[in-house]
Amino acid sequence: MNRRRVKVCAIQLLAHDRASLPRTWPSIAQRIKDAAKAGAELVVLPEGTLPAYVLGRRPFDEAEIAQAMAECGSLARDLKIVLVAGAARAHEGRVYNSAIVFDTGGKIAGSADKHFLWHFDRQWFAPAEQLEPVRTSLGKLGVLICADGRIPTIARALVDRGAEILVMPTAWVTSGRDAGNLENIQADLLARVRARENGVPFVAANKCGVELRCVAYCGKSQIVSADGAIASIASETNPEIVSAEVEVGDARPQRASEFHAPSHVRNDRSMRLAISMDESFAGDNDLAAILEADAILTPETAAARAACVGDGTVFDPGGLAAYRLAGVDLVAWTTQRDDGWQISFARARAIELRMYVVVFDAKAGRAYAVDPDGQIVCGTFDDYRVASFTFDPVRTSQTLVAPGTDVLAGLERAHAHAR
């Protein structure tokens, strides 16, 4: 693939409900024009722009969406842009949460349907049945929708099948537990990891504000470079257009040559585990007794309690996913890298796979543990050479991350469609 620079824009919209689409659409169309005027070659709208994210149980107006779609085609043609729009798509008696891709000539180049349905999505949407990039005049786009970004092997499959940019119309929601910091793990961590591990830029267009008084969005639409650095990001609360030039082509994704997921490393009871970089502590029963630890894990002894992995397995988005599908819920990762991404990847793998990750960082001389919520629960530093935490298998079995939204089921479906 030839390396080239592409100007991309993500349009962050103020949330609207489906009834307000007719009066909201003209302003959305104007924002598309504004993005093109600023030089955008690729423009991305949020998930569920047409008619809205929350469909509800009443049939939606297909003619209303068809009219907006026709205007999207005209805009793409007249402005000479590739336009990606999130929309409800009815097909053969089913409704899909889709992203429709319009090429520069105004024709539909293809579409992608949401694969990993989130919470009430399943009430009115059917899940995608395939994972394929969309070919456009700008190159192949790996289009994924919102929660698809929580399953690492979805983006992996798209890039391995030729995608040069990951494009995500999204509806990143927030719980509102901290009104001053509208959190969302994808916006705050996983988007950057998806770009870094796949070696391609990542573009996400989200909403801000509140829909139907019960769905709050975190904003933070963003453009991430292929190395995982944020090139541009929106605020949490304001509608705006974020833009950046990204380099595409010649992707070099981080892939392990091979990995073997052991099936015998299973832990079926709660344990207190101590961790240390210092091998001399491994057999110190007195110290273990003081800490009330079942074992002290070091890089050399961890295999008795955990599946041991190296950098190649962790940095490949399919690596630990294979281990998780084999039933592994505790891994010990010995890393030799010093690129500053170890904590981000450890947190990402723990939270997206609902597992514990113990990290032995050889360069920093530090050991730390991350729980299934992606939180660092303990770690050594300076003279604090042995740290401890409680491994709880109940937490790893809690794979529902939202009502009706099971991470393991999502991994299994993605695995089936990625083969």
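What follows is calculated from the coordinates using simple rules that are stated; it is not laboratory data. Not measured: the values here are computed from a predicted model. Cβ atoms come from the backbone with ideal geometry, glycine included; neighbour counts cover every protein chain shown.
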- Query: Can you give the charge dipole size of the chain about its Cα centre, rounded to the nearest 20 debye, using +1 on the beta carbon of Lys and Arg and -1 on the beta carbon of Asp and Glu?
  - Reply: 1360
- Message: Multiplying the sequence separation of Ser270 and Arg5 by 0.36 nm and subtracting their Cα-Cα distance, what value in nm do you get?
- Response: 90.3 nm
- Message: So if I restrict to the alpha-carbon atoms in the range 246-344, what is the Rg, and what is Dmax, the biggest pairwise distance, in Å?
- Response: 16.3, 57
- Query: In deg cm²/dmol and to the nearest 500, what is the mean residue ellipticity at 222 nm of the chain if only DSSP H runs of at least 4 residues count, each as -39500 (n - 2.57), divided by the residue total?
  - Reply: -7000 deg cm²/dmol
- Cα-based Rg / Dmax (Å) for the range 328-419: 14.7, 49
- What net charge is computed for the residues neighbouring Cys208, neighbours being all others with C-beta under 10 Å from the C-beta of Cys208, Lys and Arg scored +1, Asp and Glu -1? 0
- Query: How many angstrom separate the Cα center of the range 100-144 from the Cα center of the range 347-373?
  - Reply: 33
- Expressed as a rounded percentage, what relative contact order does the range 358-419 have, with Cα pairs under 8 Å and six or more residues apart? 17
- Item | Projected-area average for the chain over all orientations - Cα convex hull basis, square nanometres | 20.4
- Can you pull the Rg over Rh of the range 271-401, Cα-only, Kirkwood? 0.94
- Task: Report relative contact order for the chain in percent, whole number only (criteria: Cα-Cα under 8 Å, sequence separation at least 6).
- Result: 14
- Item | Per-selection Rg to Rh, the range 76-168 - Cα, Kirkwood hydrodynamic radius | 0.97
- Item | Estimated inter-spin distance, Arg122 and Val377, nm [label 7 Å along Cα→Cβ] | 2.6
- With bins of 10 Å, the percent of all Cα-Cα pairs of the range 161-318 per bin from 0 is 10, 26, 21, 23, 17, 4, 0
- Dividing the convex hull volume of the Cα atoms of the range 4-248 by its residue count, what figure in Å³ per residue is obtained? 109
- Item | Virtual spin-label span in nm between His91 and Ala326, 7 Å along Cα→Cβ | 3.5
- Message: Could you identify which residue out of Trp118, Trp341, Trp172 has the top mean-square fluctuation in a GNM of the chain using Cα springs shorter than 10 Å?
- Response: Trp341
- Please state the relative contact order of the range 33-177 as a whole percent: Cα pairs under 8 Å, 6+ residues apart? 22
